[in-house]
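The values are calculated or read from the model by the stated rules, or taken from the named source; none is laboratory data. Every value quoted in this text rests on a predicted model; they were computed, and no experiment measured them. Virtual Cβ from ideal backbone geometry, glycine too; neighbours counted across all protein chains shown. Remember, those area values only see protein heavy atoms, side chains included, never the ligands or the DNA or RNA. Shrake-Rupley method; radii C 1.70, N 1.55, O 1.52, S 1.80 Å.
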Amino acid sequence: MKTSRTLLLLSFWPVLLVALFTIITAYWVLSSINQQSAKNHQQQLQDLIVVQDAAAFSQQIGSVHQSVAERIIEAKRGEISEVQLYRFHAQVVDELAVLADQVTLLVESELLREVNHGSVIKLQQAFQTYRRFVIMSTEIIAIDPKVAQDYLHQAEQHFIDFSVYIQRITFLLSERAALRNAESFINQQQFLYSVIVIGLLSLVVILLLILFLAGLVSRKILVIASTLSAMAKSDEPPKTMLEIEKMYATDRGEFGRIAGALISFWQADKKRKLAEAEAFQLAFYDPLTQLPNRRLLMERIDYSRSLNDLTSSFSAILLFDLDNFKTINDSQGHKAGDQLLVEVAERLVKREVITESHIARVGGDEFVVTLEGLGSDEASAAAKAEQLAESLREQLSQPYLLNSIPHFLTPSIGVVLFRGMEWSVEDLLKQAETAMYNAKSNGRNRVSFYDPFMQQVLVARALLESELRDAIEQNQFELYYQLQVDQQQKPTGAEALIRWHHPEKGRVSPADFIPLAEETGQIKTIGRWVLRTACDQLQQWQRDPATEFLSLSVNVSAQQFKEAGFVSEVSQIIENAQINPHRLKIELTESTVLDNMEEAVQKMNQLRKMGVQFSLDDFGTGYSSLQYLKRLPLDQIKIDQSFVQDIVDDQDDSIIVQTIIAMSAALGIDVIAEGVENQAQQHLLAEKGCRYYQGYLFGKPSKIDEFNQSLQAIL
């Protein structure tokens, strides 16, 4: 009885195993099909959301477009004021900025890039072009509604392009949904066929397993032999090393011990080779950019000299650094500076930028590119070198993204040609450096060839730098004052202008020593002296009831303004001088405040709480946009004298000045025009709404005694 029961159980076990295998397989099949269906449904839902968002964008853009068209009609009829138009312009800019962010999110979505990357890019380009024309239209409404309507018509064409790209993307999403459904059906069919095949293969595997176990020993021996052979022939990791590691981890017998010995030997040999490679890298390559360093560069230049001596061919050295790179390090931190240097190196190694060259980083932000095979004709070689240098300058002048913010830097490039062994490597590098400094002294962001005269210029520059340092220590500076008046030509204040009286050279132009002071960092010391001296003069004016109402404008450099302690420094100077802070006016340039808008606004607000006023100097020569102007806590905008000079004869300058005045009025900011030299200029400025003036018509910059005498005569 017991034997028959055992036989019954043994005969029933295969049935149970087959049934269990069938149940598990069926559950797995149904579960997989359900997951695939859910995934398809989710993808279709995402496609639908994208289509809805795209349609919403078209409706929102249409609403903005309609609003602009209505404002143009109102402007033509004279039913809306200039102030309302400029406020409407600011509103449109903000709305388009929000839409631009939404379009960017849509464009950068993985879904759209997966559907059609080219259409996505054209979609964004069409919107950006439409946005630019609409902003141009709203900016000009107050001045010329007809031109504004032309801009709007051009924007309308790009809106049509935008709609076409939206329709294209919608069509592609529909096609993809249909394709996905067809693929899903095919995949499910293939999946069922695979399940059947897997079931049959499972039976075959049992038979193959026996054969596999029989051949396992011979395979292990073959793997070990192949590994030893590969290690003897190549420095690369053997292809069988993964199998050796697996053998060591799983086999506890003799094969495991042999595998462990092979792994230990390979790791020791790899460490030795890595140490040799690291020593070579440290000796000849820059650790940050991975470019060759000065040592390897000099060897390559020396080889080029020898080769040129044999072939009579010219080569060239291009040495450059990044203009104002120190500003990035000071304002963004050294980590951002290192990131920028790495990106410069990446641009240099691109073959489409520089060909047949050697590239090296020789220190700080200085890089060297050597050009070879320029030919035996010196003029032709120089032309090729200049062409490649200009190409390099253009490539390196493209914006750099640091912390998701674009920054603009330019290179100053020095070029020296050489052939043969006439000059040593050190001399060639010095000549290239001399040429680079000549490029900087001529305005930066340019290419300059070496000339012996450059050395004399550098010597003179070094002498001027030393004399400038002595001028600070020996109080050779003096402030001059230029009168500022209102519409009735009544004095309202003055601008403080620094002058340098050299004991031997006489007066040194600010155009000569101010750029040098900024480059060497001495401008911060000079700026503090100017600020203290100006506040002392304000204190003297406060003592006299006849002059206590005068304000004094002081120019502050970007370096001085960006110092961490600038606010506390100004506060201390005001407290020491015991002046009314409302009479102190700090003049800043557009580039100073735009380099780090958030920090600039914070400092300006802190000083305004004390009573200090702010004037934006040289307005009109930079960005001159409402986009940033409305964010700055300004009291005054100074129209640059380049626009005032030809305002009577040049219609373009006249329109620019009128636009600046209208913009400022809309924002509640006073306007002062500098460089007013005749009555015709002053009269035209007054007609356009300018209330304050500065220039030779009212008084030249003069010493304080002469200024006070002229002031008393007016008062």
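Conditions (1) hydrophobic (A, V, I, L, M, F, W, C); (2) free of Cβ contacts under 8 Å to residues at least 60 places away in the same chain, marked per residue:
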position	(1), (2)
Ile656	yes, yes
Ala665	yes, no
Gln682	no, yes
Ser710	no, no
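If the condition is being surrounded by fewer than 15 Cβ atoms within 10 Å (Cβ to Cβ) and not aliphatic (A, V, I, L, M), then region 656-688 contributes Gly668, Glu677, Asn678, Gln679, His683, Glu687. A single entry from Ala435, Ala471 fulfils the requirement of being over 29 Å from Gly506 (Cβ atoms), surrounded by 15 or more Cβ atoms within 10 Å (Cβ to Cβ) and modelled with pLDDT of 85 or more: Ala435.
All conditions but one from (1) among the acidic types (Asp, Glu); (2) modelled with pLDDT under 95; (3) open to solvent by 40 Å² or more (accessible area, probe 1.4 Å) apply to Asp536; the one that does not is (2).
Looking across region 611-653, just one residue is open to solvent by 10 Å² or more (accessible area, probe 1.4 Å), touching a Leu at 6+ places or on another chain (Cβ under 8 Å), farther than 30 Å from Asn580 by Cβ and modelled with pLDDT of 90 or more, and that is Val648. Residues of region 584-606 that are crowded, with 19+ Cβ neighbours inside 10 Å and more than 12 Å from Phe561 (Cα to Cα): Leu584, Lys585, Glu590.
Total residues in region 540-558 satisfying the condition of being part of a loop (DSSP other than H, G, I, E, B), of a type outside the set (Val, Ile, Thr) and open to solvent by less than 30 Å² (accessible area, probe 1.4 Å): the figure is 2. Here the strands (runs of 3 or more DSSP E) wholly within region 473-539 that include at least 3 residues being over 24 Å from Leu463 (Cα atoms) are 477-485, 491-502. Taken over region 121-137, the criterion of being under 30 Å from Gly78 (Cβ atoms) and either at pLDDT 80 or above or open to solvent by 20 Å² or more (accessible area, probe 1.4 Å) (or both) is satisfied by Arg131, Arg132, Phe133, Ile135, Met136. Close contacts from region 242-254, counting a first residue that is under 16 Å from Ser264 (Cβ atoms) and a second that is charged (D, E, K, R), with Cβ to Cβ under 8 Å and a gap of 6+ residues or different chains, come to Met247/Lys220; Asp251/Lys220.
With respect to the conditions (1) within 33 Å of the chain's Cα centre (by Cα); (2) open to solvent by less than 60 Å² (accessible area, probe 1.4 Å), Glu518 falls short on a single one, namely (2).
Criterion applied to Thr240, Thr250 was being loosely packed, with under 15 Cβ neighbours inside 10 Å, modelled with pLDDT of 70 or more and more than 30 Å from Phe367 (Cα to Cα), and the one residue passing it is Thr250. Has region 433-440 got at least one residue that is touching a residue at least 12 places away in the same chain (Cβ under 8 Å) and of a type in the set (Ser, Thr, Tyr)? Checked region 433-440: at least one residue is touching a residue at least 12 places away in the same chain (Cβ under 8 Å) and of a type in the set (Ser, Thr, Tyr). Comparison of Glu372, Glu346 shows that the only residue that is over 22 Å from Arg444 (Cβ atoms) and either touching a helix residue (DSSP H, G or I) at 6+ places or on another chain (Cβ under 8 Å) or at pLDDT below 85 (or both) is Glu372. Is at least one residue of region 410-422 among the hydrophobic types (A, V, I, L, M, F, W, C), in contact with a strand residue (DSSP E or B) (Cβ under 9 Å, 6 or more places away or on another chain) and within 26 Å of Phe513 (Cβ to Cβ)? So far as region 410-422 goes, yes, one or more of its residues are among the hydrophobic types (A, V, I, L, M, F, W, C), in contact with a strand residue (DSSP E or B) (Cβ under 9 Å, 6 or more places away or on another chain) and within 26 Å of Phe513 (Cβ to Cβ). Quick check on region 297-328: of everything there that is within 18 Å of Val416 (Cβ to Cβ) and β-branched (Val, Ile, Thr), which residue is surrounded by the most Cβ atoms within 10 Å (Cβ to Cβ)? The residue in question is Ile317.
Would a scan of region 481-502 turn up a residue that is of a type outside the set (Lys, Arg), under 19 Å from Lys703 (Cβ atoms) and open to solvent by 30 Å² or more (accessible area, probe 1.4 Å)? Among the residues of region 481-502, at least one is of a type outside the set (Lys, Arg), under 19 Å from Lys703 (Cβ atoms) and open to solvent by 30 Å² or more (accessible area, probe 1.4 Å), which makes the answer yes. Counting only helices (runs of 4 or more DSSP H) wholly contained in region 628-715, the ones carrying 3 or more residues that are within 23 Å of Trp541 (Cα to Cα) occupy 704-714. Note on region 560-601: residues that are in a helix (DSSP H, G or I) and either at pLDDT 90 or above or out of contact with any strand residue (DSSP E or B) (no Cβ under 8 Å at 6 or more places or on another chain) (or both) total 26.
Name the single residue, out of those in region 369-388 being open to solvent by less than 30 Å² (accessible area, probe 1.4 Å) and of a type in the set (A, V, I, L, M), that is farthest from Ser448 (Cα to Cα).
Narrowing region 369-388 to residues open to solvent by less than 30 Å² (accessible area, probe 1.4 Å): 369-371, 374-375, 381-382, 385.
Still in the list and also of a type in the set (A, V, I, L, M): 369, 371, 374, 381-382, 385.
On the way: Val369: 14, Leu371: 16, Leu374: 18, Ala381: 15, Ala382: 11, Ala385: 11 Å.
Result: Leu374.
Within region 582-609, can you find the residues that are under 26 Å from Thr533 (Cα atoms) and either touching a residue at least 40 places away in the same chain (Cβ under 8 Å) or in contact with a Cys (Cβ under 7 Å, 6 or more places away or on another chain) (or both)?
As a first pass, look at region 582-609 and keep what is under 26 Å from Thr533 (Cα atoms): 582-593, 600-609.
Those that are under 26 Å from Thr533 (Cα atoms) and either touching a residue at least 40 places away in the same chain (Cβ under 8 Å) or in contact with a Cys (Cβ under 7 Å, 6 or more places away or on another chain) (or both): Arg583, Leu584, Lys585, Glu587, Lys603, Leu607.
Every condition in (1) out of contact with any Pro (no Cβ under 9 Å at 6 or more places or on another chain); (2) modelled with pLDDT under 90 holds for Arg444 except the one numbered (1).
Consider region 660-684. How many of its residues are of a type outside the set (A, V, I, L, M) and in contact with a helix residue (DSSP H, G or I) (Cβ under 8 Å, 6 or more places away or on another chain)? Give the derivation first.
To start, the set of residues in region 660-684 that are of a type outside the set (A, V, I, L, M) comprises 664, 668, 670, 674-675, 677-679, 681-683.
Retained after the next criterion (residues that are in contact with a helix residue (DSSP H, G or I) (Cβ under 8 Å, 6 or more places away or on another chain)): 670, 674-675, 677, 681.
Total satisfying the criteria: 5.
More than 25 Å from Arg305 (Cα to Cα), open to solvent by less than 30 Å² (accessible area, probe 1.4 Å) and among the aliphatic types (A, V, I, L, M) - does that describe any residue in region 440-462?
First, pick out the residues of region 440-462 that are more than 25 Å from Arg305 (Cα to Cα): 440-446, 456-462.
Filter once more, keeping what is open to solvent by less than 30 Å² (accessible area, probe 1.4 Å): 440.
Subsequent filtering for residues that are among the aliphatic types (A, V, I, L, M) retains none.
Looking for residues that are more than 25 Å from Arg305 (Cα to Cα), open to solvent by less than 30 Å² (accessible area, probe 1.4 Å) and among the aliphatic types (A, V, I, L, M), one finds none in region 440-462, hence no.
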